[in-house]
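These notes concern the structure reproduced below.
The values are calculated or read from the model by the stated rules, or taken from the named source; none is laboratory data. All of these numbers come straight from a predicted model, not from anything done at the bench. Glycine also receives a Cβ, built like all others from the backbone with ideal geometry; neighbour counts cover every protein chain displayed. Calculation scope for accessible area: heavy atoms of the full protein, side chains included, ligands and nucleic acids excluded. Shrake-Rupley method; radii C 1.70, N 1.55, O 1.52, S 1.80 Å.
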Amino acid sequence: MSYQKHVPTLDLWAGVECTVNRVGDEYIDQTVLNGHQTRIEDLELFASLGIKAIRYPVLWERVAPTHPDECDWRWTDERLARLRDLGVRPIIGLVHHGSGPRYTNLADPGFASGLAAFAAKVAARYPWVTDFTPVNEPLTTARFSGLYGHWYPHGRNSHTFLRCLINQLDGVRQAMRAIRETTPEARLIQTDDLGKTHGTPALKHQCDFENERRWLGFDLLTGMVDENHPLWEFLCRGGAGHSLESFAADPCPPDLVGINHYLSSERFLDERLDRYPPHTHGGNGRDTYADVEALRVLVEGAAGPEQLLREAWDRYGLPIAVTEVHNGCSREEQLRWFVEVWDVATRLRQEGIDLRAITAWSLL
């Protein structure tokens, strides 16, 4: 029997940018900034595109901003009901590049249990919803919040990075357990940015490290991290050792691996700082180097989405969706990039790779 008889046809999904990131004590809500907060009529326009599903926010910090037991469901009730009437399946996100409400944060030991309690409320209120992304891009969020210092809690070290990552992944695991108490068939659609790091021969060690680290969120959720994992010592030195056995013994593998990929996702590291502007200069505490978009440097080009999707399939063998396709450029270039990724997915499906959907991101 052919592959096409086993797997549904390639679906068109979409999403709205709904990040609520915290910088210091200020929360920046993209749903407000892009105007969708007050435009329910957007949903009719979205549905008219022919999309099968939409990544949509039911965010913890928006529903219960001041106290876990004080939930305001009015906005999400209205929006999810309209999506249901329009025949568009919501993929509910609970935390999207955020740190949660003010009474928690990514480094808080209570973050995971708090998210699970909120997830249980969401599932009870919307028992017909079956697709969830409890935490969007946990690895990327941990890097921005715990390693680069951009978002709260503004950490700049491996310990904070790993604490933020582990708390988010444990939140995913506990949230899905809570959701499945109400909706046993609920699916985990776990997203993260999938890039790749290239560099000069002198920085091969850093490239190798970053190319292992990019898988770390999915590796932990699928129970692949043990003493044989390439990053085992890094994890133990960073204070995550006590959590590793828990994930290996009680994994929460995604029902669908969601790959987000941007033209800027692939990086190039170069110790020859004089070749690059100062804002690109950084390092790892031992080496100093520029970190730039690989597409601007590599004559032969970066790996690209086709190779990266093959790598994800070879590593996990789980169904895949491209959950964000976007290029911040002209309309024509945005469409060209989308078509390129769609064509890649079509080719990969013909080879037998279980690739389910491509997601237009962001609609606004």
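For ARG356, all conditions in the list (1) part of a helix (DSSP H, G or I); (2) under 23 Å from ALA53 (Cα atoms); (3) basic (Lys, Arg); (4) under 18 Å from the mean Cα position of the chain (by Cα) hold save one; what is the number of the exception?
Going through the list (1) part of a helix (DSSP H, G or I); (2) under 23 Å from ALA53 (Cα atoms); (3) basic (Lys, Arg); (4) under 18 Å from the mean Cα position of the chain (by Cα), ARG356 breaks only (1).
Within segment 171-188, can you find the residues that are part of a helix (DSSP H, G or I) and among the charged types (D, E, K, R)?
ARG173, ARG177, ARG180, GLU181
Answer yes or no as to whether HIS281 is open to solvent by less than 30 Å² (accessible area, probe 1.4 Å), touching a helix residue (DSSP H, G or I) at 6+ places or on another chain (Cβ under 8 Å) and more than 30 Å from LEU12 (Cα to Cα).
Taking the combined requirement at face value, the residue does not satisfy it.
Scan segment 271-318 residue by residue and report those that are small (Gly, Ala, Ser) and closer than 25 Å to GLN350 by Cβ.
Of everything in segment 271-318, those that are small (Gly, Ala, Ser) and closer than 25 Å to GLN350 by Cβ turn out to be GLY301, ALA302, ALA303, GLY304, ALA312, GLY317.
For segment 131-174, name all the residues that are of a type in the set (S, T, N, Q) and open to solvent by 40 Å² or more (accessible area, probe 1.4 Å).
Residues satisfying the conditions are ASN157, SER158, GLN174.
Which of the residues that make up segment 241-259 are more than 21 Å from ALA116 (Cα to Cα) and either at pLDDT below 95 or charged (D, E, K, R) (or both)?
Of everything in segment 241-259, just one residue is more than 21 Å from ALA116 (Cα to Cα) and either at pLDDT below 95 or charged (D, E, K, R) (or both), namely GLY241.
Considering every residue within segment 348-356, establish whether at least one is touching a Leu at 6+ places or on another chain (Cβ under 9 Å), touching a residue at least 60 places away in the same chain (Cβ under 8 Å), β-branched (Val, Ile, Thr) and buried (at least 16 other Cβ atoms within 10 Å of the Cβ).
No: zero hits.
Given ALA321, ALA302, which one is closer than 27 Å to LEU203 by Cα, open to solvent by less than 50 Å² (accessible area, probe 1.4 Å), touching a residue at least 40 places away in the same chain (Cβ under 8 Å) and touching a strand residue (DSSP E or B) at 6+ places or on another chain (Cβ under 8 Å)?
Of the residues listed, the single one that is closer than 27 Å to LEU203 by Cα, open to solvent by less than 50 Å² (accessible area, probe 1.4 Å), touching a residue at least 40 places away in the same chain (Cβ under 8 Å) and touching a strand residue (DSSP E or B) at 6+ places or on another chain (Cβ under 8 Å) is ALA302.
Can you find even one residue in segment 132-139 that is part of a loop (DSSP other than H, G, I, E, B), closer than 17 Å to LEU220 by Cβ and either at pLDDT 95 or above or of a type in the set (Asp, Glu) (or both)?
Yes, segment 132-139 contains at least one residue that is part of a loop (DSSP other than H, G, I, E, B), closer than 17 Å to LEU220 by Cβ and either at pLDDT 95 or above or of a type in the set (Asp, Glu) (or both).
For segment 158-189, enumerate the residues that are of a type in the set (Asp, Glu) and without any contact (Cβ under 8 Å) to a residue 60 or more places away in the chain.
GLU185, the sole residue that qualifies.
Which of the helices (runs of 4 or more DSSP H) found entirely inside segment 196-309 contain at least 2 residues meeting this: over 19 Å from the mean Cα position of the chain (by Cα)?
Of the helices (runs of 4 or more DSSP H) lying wholly inside segment 196-309, those with at least 2 residues that are over 19 Å from the mean Cα position of the chain (by Cα) span 204-213, 232-237, 241-249.
Consider only pairs whose beta carbons are under 9 Å apart and that are at least six residues apart or on different chains; among these, list those whose first residue lies in segment 252-269 and is closer than 10 Å to PRO305 by Cβ and open to solvent by 10 Å² or more (accessible area, probe 1.4 Å) and whose second residue is at pLDDT 95 or above and in a loop (DSSP other than H, G, I, E, B).
Listed by first residue and then by second, the contacts come to SER265/LYS196.
Of these, ASP343, ASP291, which one is within 30 Å of GLU44 (Cβ to Cβ) and either of a type in the set (S, T, N, Q) or at pLDDT 95 or above (or both)?
From the options ASP343, ASP291, the qualifying one is ASP343.
Are there any pairs with C-beta distances below 8 angstrom linking a residue in segment 206-218 that is modelled with pLDDT of 95 or more to a residue that is among the charged types (D, E, K, R) and part of a helix (DSSP H, G or I), with the two at least 6 apart or on different chains, and if so which?
If the second residue must be among the charged types (D, E, K, R) and part of a helix (DSSP H, G or I), the pairs left are TRP215/ARG315; PHE218/ARG315.
Of everything in segment 324-347, what is of a type in the set (S, T, N, Q), surrounded by fewer than 16 Cβ atoms within 10 Å (Cβ to Cβ) and not in a helix (DSSP H, G or I)? Give them in sequence order.
SER330
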